[in-house]
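None of the figures in this text is laboratory data; all of them are computed from the coordinates on show. A quick note: this is a predicted structure, and the numbers were derived from the prediction, not measured. Don't worry about glycine lacking a Cβ; one is built from the backbone with ideal geometry, like all the others, and counts go over all protein chains shown.
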Amino acid sequence: MSIILVSVISLGVIGAVGTIILFLVSKKFKVNEDPRIALVQDALPAANCGGCGFPGCGGFATACVNASSLSNLNCPVGGNSTMEKVAGILGMTVEKTEPKIAVIRCNGSCDNRQQTSLYDGASSCSIAAALYGGDTDCSYGCLGLGDCKAVCQFGAIKMNPSTRLPEIDEEKCTACGACAKACPKMLIELRKKGTNSRRIYVSCMNKDKGGVARKACTVACIGCNKCEKACTFDAISIQNNLAYIDDEKCRLCRKCVKECPTSAITELNFPVRRESKELATTTTIG
């Protein structure tokens, strides 16, 4: 028998044995996937953004199927309609959640913050933040290099060339949270979208004392407590010289906005205020 024939037969035997071993191993360690996982995944928007807290839609679908309740599970991109489909597939109930949207908690535009240095490095907020505090005297403010825009796969963020600040497109934002995770200054927050998209929040993250903060940015929060005192719903608290508005308690009355001496509180999508006009009466004595 020739060497070539022996080699061919040997390889054939080895291949057959290997096939049998792989077959037996696959049978022993076979994992039977719940068919509902595929159904749930098909009901999801396939964004794979990670906003649900799981690695992609497949991970979220698996978590939903294995969960005893959907109370702590939510797909921010699909919203309530998607979660109702998931609940229907799994024979569960789900509570409606308040839609959320990303907000930029910095209003330090070029007009409000004076540039005091020049950054000449990589065009990345994370790299710039690791090297220095920023090109203004506010070390808490936006660096303006667009890391948030780069990670948004929905095209919901653009950088305003005039203000050098990011802007959120309300129609495109899905509240996936990718931009919030990307911001090294933690300036982006997911808040309730609000009725008629009306929101009130403090557009500042500066924790310096009032005088220092105001010197760095004309619209910085100075922790003066005026907004806290004006709020009758206990929605505002002051910590580390910075005011924060709890959107769970806020009733959008806007009293705090009028009280803020630095215009650090942002109000969005409200009707124009009508200033009360008192009718002056003149009495003529003659």
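Helices meeting the span-like rule in the chain (full DSSP H runs, Cα extent of at least 20 Å along the helix axis, mean Kyte-Doolittle score of -1.0 or higher): 3-28. Taking other C-beta atoms within 10 angstrom as a stand-in for reagent exposure, Met205, Met186, Met159 fall in the order Met186, Met159, Met205, fewest first.
Answer with one residue from Phe233, Val257, Cys217: the one whose Cα lies farthest towards the positive end of the charge dipole of the chain, charges on Cβ with Lys, Arg +1 and Asp, Glu -1. My answer, from the dipole projection, is Phe233.
Among the GluC sites (Glu not before Pro) within the stretch 146-243, those in coil by DSSP and having at most 16 neighbouring Cβ atoms inside 10 Å are Glu170, Glu171. Across every pair of non-identical alpha carbons in the chain, the mean reciprocal distance, once inverted, gives a Kirkwood radius of 23.2 Å. Counting every other Cβ atom within 10 Å of each residue's Cβ, Lys158, Lys193 order from fewest to most as Lys158, Lys193. Counting beta carbons within 10 Å around each of Ile127, Ile265 and listing the fewest first gives the order Ile127, Ile265. Treating only the Cβ atoms of Lys and Arg (+1) and Asp and Glu (-1) as charged, compute the dipole magnitude of the chain about its Cα centre; round to the nearest 20 debye. Dipole size: approximately 380 debye.
Once you have a ≥ b ≥ c as the square roots of the Cα gyration tensor eigenvalues for the stretch 102-245, tell me rounded if a/c is under 1.5, and otherwise prolate or oblate according to whether a/b is larger than b/c. It comes out oblate by the Cα gyration axes. For the stretch 13-163, the square roots of the Cα gyration tensor eigenvalues, ordered a ≥ b ≥ c, give a/c of at least 1.5 with a/b no greater than b/c, which places it in the oblate category. Neighbours of Cys217 by Cβ distance under 11 Å: Lys/Arg scored +1, Asp/Glu scored -1, total 0. Of the cross-linked pairs Lys96/Lys249; Lys185/Lys209; Lys100/Lys258; Lys85/Lys193; Lys149/Lys181; Lys172/Lys255, those separated by over 20 Å at the C-alpha level are Lys100/Lys258; Lys85/Lys193; Lys172/Lys255.
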